[in-house]
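Data block below; observations after.
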Protein chains: 2
Amino acid sequence: MLKQINGGVCAAKGFTANGVHCGIRKNKTKRDLALIYTATPATAAAVYTQNLVKGAPLTVTKNNIADGKAHAVICNSGNANTCNANGIEIAQQTCALVAQALNVEAKDIVVASTGVIGQPLDITPIANGIPTLVAGLGAHSDLACEGIMTTDTKPKEIAFEFTVGGKTCHIGGIAKGSGMIHPNMATMLVFVTTDCAISAEMLQKALSADVKNSFNMISIDGDTSTNDMLSILANGEAGNAEIVSEGADYDMFCAALNAVTTDLCRKIAADGEGATKLLECKVSGAKDEQAAKTVAKSVICSSLFKSAMFGADANWGRVLCAIGYAGADVDVNKVGVSFRSAKGTVLVCENGAGVPFSEELAKEVLLENEIEVLITLGDGMACATAWGCDLTYDYVKINGDYRT
Amino acid sequence: MLKQINGGVCAAKGFTANGVHCGIRKNKTKRDLALIYTATPATAAAVYTQNLVKGAPLTVTKNNIADGKAHAVICNSGNANTCNANGIEIAQQTCALVAQALNVEAKDIVVASTGVIGQPLDITPIANGIPTLVAGLGAHSDLACEGIMTTDTKPKEIAFEFTVGGKTCHIGGIAKGSGMIHPNMATMLVFVTTDCAISAEMLQKALSADVKNSFNMISIDGDTSTNDMLSILANGEAGNAEIVSEGADYDMFCAALNAVTTDLCRKIAADGEGATKLLECKVSGAKDEQAAKTVAKSVICSSLFKSAMFGADANWGRVLCAIGYAGADVDVNKVGVSFRSAKGTVLVCENGAGVPFSEELAKEVLLENEIEVLITLGDGMACATAWGCDLTYDYVKINGDYRT
C-alpha cells in the first residue's frame, strides 16, 4: 500500500533541506544553491550519465559514495562545472566547505551542478552561501527544489508513505529537468531520500533496476547531458529491519521507489523546455521488453511527431515512420495506433494502415495537455512506457539564446 | 576535371523531363507530378530507406529495376502512397500508365511518391496528368524539380561535365528534402542522370559507396523517412567505352557522382524545414572513419546545438556534450572545437576545455548563413563531414500543422 504524502525530500524522518541564492546566478530572486541533510548517516547509491564528457561533480560524488555512505547532498544551478580545467578541485572544495559547516566528513557529501558547460565556477559565492544554507535547514524540500531548477517552470517534488516489516517508511524526491534531457542510465538531477533501512548494495540494485523503466525512458530533446545524476540516501530512521536481500520487503521498497521516480519522470517530461503537453507512449504486444522500449522511445523522440502533437494534428503516419526506423524487429503490418486523453480515445491505424476516424474527435483529444499514444505490435506480451513532450516555438526560443 | 554546367537531369544527352500540376495537391499553382525520360535504355541503380515502414513505390521500383534497366522516372508529391492497403496496386498502375504513354514497358519505370503518409492515393489525377506530362517533355529539369518539392523552399538541381576515355560525359541530379530527413543508406528523393556508359553492377556499386559519405551524412530532424530513394539512370549516350570494372574511368565517374551528390546534400541541408543556416560539421583526427562519422552526425543532430546556431550563440559546451554521447570511442580531453564562416574562424575549445575567445567575433561568425564546426579529436588521421541546419521556430510551425 502506497499513500502519496507531502514533504518531498523532507518527508522521510531525519531529513532536512534548504535552498538559497548565493550569487552564481545574476538574478537575485533565483535560488542557486540547495542542500539536503541527514544527521543519521545514510546508505547512498547513485547512477550517472553515460556521456563521455562528465561533469566534474559526478567524478567527485562517485568517489565519495564508493563506500555506500553519505550525510548530505549539495547542488548548485547556473553553472555545470563541466569542461573546466579546475572542475574537480572546485567540486572537492564545495564538499569540504559543506562538510565543515555540517561537522561531517567531506567524503560523505554528494555534490552536483547544473547549468552552462565550460564556464569556470567560482567558489566564492558558494563559500559565502553555505553558512546561511546550513543555518536555515528545515522541512524546506520546496526551497531545495527551487535551488536546482534551471529552465524548469515548475518545481518537481513527490513523496509516498509505505510499510516495510510493520514499520511506516517514507520516500520522497525532487528533480530538475527541462532541457538536455535524454537520459542514459540516469537522468538530469534527481535526489531521493528515504527513512527505510536498506543496505547500500540493495539500494544500488533497486536504483539501477528502476532507472531502466523510469528516467531512461524520458526524452525531451535527444540530448544526453554531461551532468545527469540520480542519487538516493536511506537513513534507516523508519526502524524497519534492514533490507539486505531480495524478497517482499525489497519488492515493497522498489514499488515505492518506482512510484517516486515515475511521478518525477512525468513531471520532468511535462515541463520539458517549451512544452505544452505531456506525451506518454505506451507500447504493448512486443516480442520482448527491449523491442517495446526501443519503439516507445523512438516515437517519443521524433521531432516530427512532437511537432504534430504541438499542433494537435493526428498525423499517425509519423508514429508509423518512427516505429519503422526504431531499429526494433517489428512486423509493421500488425501495428495499431490510438491517441487517448481525458476527452476520449481515437483509433487511427490498424494492421499498419489507416482506418477512418473522426477528425473532430481527434482534434479534441489532442488539444488536451496529457496525451497517450497507444501502440500495439501484435508480436507478443511485452510492454513499455516512454515519456516526452511536444516540440514548440518556445523550445527554440529558450535554446537559441540560453547562454547569453 | 569536373566542370559545373546547367541543365540538371537534362544535362546528360538523351534525357528529357517535365513537371505538371495534375490535381493531387489542391493548390493549382504547385506542380505535383514529375517525369524524367530517356529513349535510349539506361542502366539503373537505386538505394532505398532502411525504415521498416516502406512506401509502396519503393517496393515496385525495386522490383522493376532488378534487371538493372530503366527508361523513365515518375514521381508525385502531395501523397507518399505509404501505409495504404492498395499502395502497391496504385504504384503499379502509375507505371503502366506512364509506360503506355511513352511506349516502353511498365517494368522499366522507376516510381516514387512523397507527401503525407497513410492517405489513399487516387489514380485519377495521375491518369489525367500523364498525357500533358509526356507531351511536354523537353529540357525541363527545373519543372521536374518543382514537381517533386514538398516543404522545400528552393529547387535543388546541379550538373557537371567530365571526361571518360576521351569522351565528354555529363551527370546531373535533382533532389527534394526539407523534413523527415535523416537518411539511412539513402535519402529523401534524389534522381540522377548521366550519359556515361557504365554497367548496372558498377553503377550500383558507385551509388552504394557514395551515399555513405553523402546522403547518409545529412540530418534535418533525425527522422528517417519511409520513402527515401536515390536513383540513377545511365544511358551511355556519351559514347565512352562502358565502365565494367574498377580503374581510372570508374574513379572519374565516382568523383563526378560525388560532386553531384555533395552539392545536393548541401542544398537539402541548407533548405531544411524552417532552416536559416547550413551547418557543416567537419571532424578530423579520428582514430577511424566510423568514429569521425559518428561524432560529426551526433553534433549535427543535436537539437540543443541546432538551436544555439539559430541564436548565433557560440555555446560550444553543447558540441562537447554531443561528442560525449555520440557513442564513438573518443578521448574527450583531446577535443578541440572551432567555428568558421565567411567572417573568420574562432577557436573556442582546446583539450576538452574552454579557451578565451572574442564573443563579438564569434557572434559575427555565427550570424552568417553557412557555418562550419571544426572538430579535432587528436586520436588519428580519419575525417568525416556531416551536414545539417539550425532548429528554428519555423520548423515547429511547418510541422505542427503539416497535414491539415
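By Cβ position, the chain A residue that hugs the axis carrying A onto B most closely, with its distance in whole Å, is A:TYR393, 2. The same position A:LYS3 in the other copies lies at 8.8 nm from this copy, comparing label points 7 Å beyond Cα toward the beta-carbon, shortest first.
Qualifying trypsin sites (Lys or Arg not before Pro) in the range B:21-97, where qualification requires a DSSP coil assignment and no more than 16 other C-beta atoms within 10 Å, comprise B:LYS26, B:LYS28, B:LYS30. Under the classification rounded if a/c is under 1.5, otherwise prolate if a/b is larger than b/c and oblate if not, where does the range A:249-404 fall, given a ≥ b ≥ c as square roots of the Cα gyration tensor eigenvalues? It comes out oblate by the Cα gyration axes. Whole-percent P(r), chain A, all Cα pairs, 20 Å bins from 0: 29, 54, 17, 0. Shown for B:ALA96: label points 7 Å from Cα along the beta-carbon vector, and their distances to the equivalent points in the other copies, 8.4 nm in ascending order. The residues B:THR43, B:THR163, sorted by heavy-atom accessible surface at 1.4 Å with ligands and nucleic acids left out, run B:THR163, B:THR43 from largest to smallest. Interface residues of the range B:102-143, defined as a loss of at least 40 Å² in heavy-atom accessible area between the chain alone and the complex of all protein chains with a 1.4 Å probe, are B:ILE117. Accessible surface ranking for A:ASP142, B:ASP329, 1.4 angstrom probe, highest first: B:ASP329, A:ASP142.
Inter-chain neighbour count for A:295-303: the average number of beta-carbon atoms from partner chains within 10 Å of each residue's beta-carbon is 3.
Each Lys and Arg Cβ is given +1 and each Asp and Glu Cβ -1; about its Cα centre, the protein assembly as shown then shows a dipole of about 780 debye. Share of Cα-Cα pairs in the range B:211-295 beyond 20 Å, in percent? Taking all Cα-Cα pairs of the range B:211-295, the fraction more than 20 Å apart is 51 percent. Other protein chain C-beta atoms within 10 Å of residue C-beta, averaged over A:53-61: 2.
A simple packing score, the average count of other Cβ atoms within 10 Å per residue, orders the peptides A:362-375, B:296-309 as B:296-309, A:362-375, with the highest score first. Ranking A:HIS21, A:HIS71 from most to least accessible surface, computed with a 1.4 Å probe over the protein chains only, gives A:HIS21, A:HIS71.
Each DSSP beta bridge with both residues in chain B is either parallel or antiparallel, and the antiparallel ones are about 70%.
Most simply put, the protein assembly as shown has about 70% antiparallel DSSP beta bridges, counting only bridges with both residues inside it. Note on chain B: helix-only mean residue ellipticity at 222 nm, from DSSP H runs of 4+ residues weighted -39500 (n - 2.57) and normalised by residue number, equals -9500 deg cm²/dmol. Between copies, B:ALA342 shows label-point distances of 5.2 nm, shortest first, with the point placed 7 angstrom from Cα along Cα to C-beta.
Between the range B:380-397 and the range A:77-130, how many Å separate their Cα centres? Centre-to-centre (Cα) distance: 34 Å.
Evaluating 6.51 cos²θ - 1.76 cosθ + 1.60 at θ = phi - 60° for every residue in the range B:142-152, the Karplus couplings come out as 4, 6, 4, 4, 5, x, 9, 6, 10, 8, 4 Hz, glycine and proline recorded as x.
Averaged per residue, the protein assembly as shown has 34 square angstrom of accessible surface, using a 1.4 angstrom probe with ligands and nucleic acids left out. Rg and Dmax of the protein assembly as shown, both derived from C-alpha coordinates alone, stand at 28.7, 92 Å. Summed over both chains, the area buried between B and A is near 4100 Å², taken from the accessible surface of protein heavy atoms with a 1.4 Å probe.
Across peptide B:323-336, the mean count of Cβ atoms from other chains lying within 10 Å of each residue's own Cβ comes to 4.
Just to confirm a number: summing +1 for Lys and Arg and -1 for Asp and Glu over residues other than A:GLY177 whose beta-carbon lies under 9 angstrom from that of A:GLY177, what do you get?
0
Cα-based values for the range A:312-404, radius of gyration first and Dmax second, are 15.5, 50 Å. For a modelled paramagnetic label at A:ALA135, 7 Å from Cα along Cα-to-Cβ, the residues of the range A:1-24 in reach, with backbone nitrogen under 16 Å, are A:18-23.
What's the whole-number percent of alpha carbon pairs in the range A:74-131 lying beyond 20 angstrom? The proportion of pairs with Cα distances above 20 Å equals 17 percent.
The values are calculated or read from the model by the stated rules, or taken from the named source; none is laboratory data. The structure displayed is predicted, hence computed values, not measured ones. Positions of Cβ are generated from backbone atoms using ideal geometry, with glycine treated the same way; all protein chains shown enter the neighbour counts. Surface areas here come from the heavy atoms of the whole protein model, side chains and all, with no ligands, DNA or RNA. Shrake-Rupley method; radii C 1.70, N 1.55, O 1.52, S 1.80 Å.
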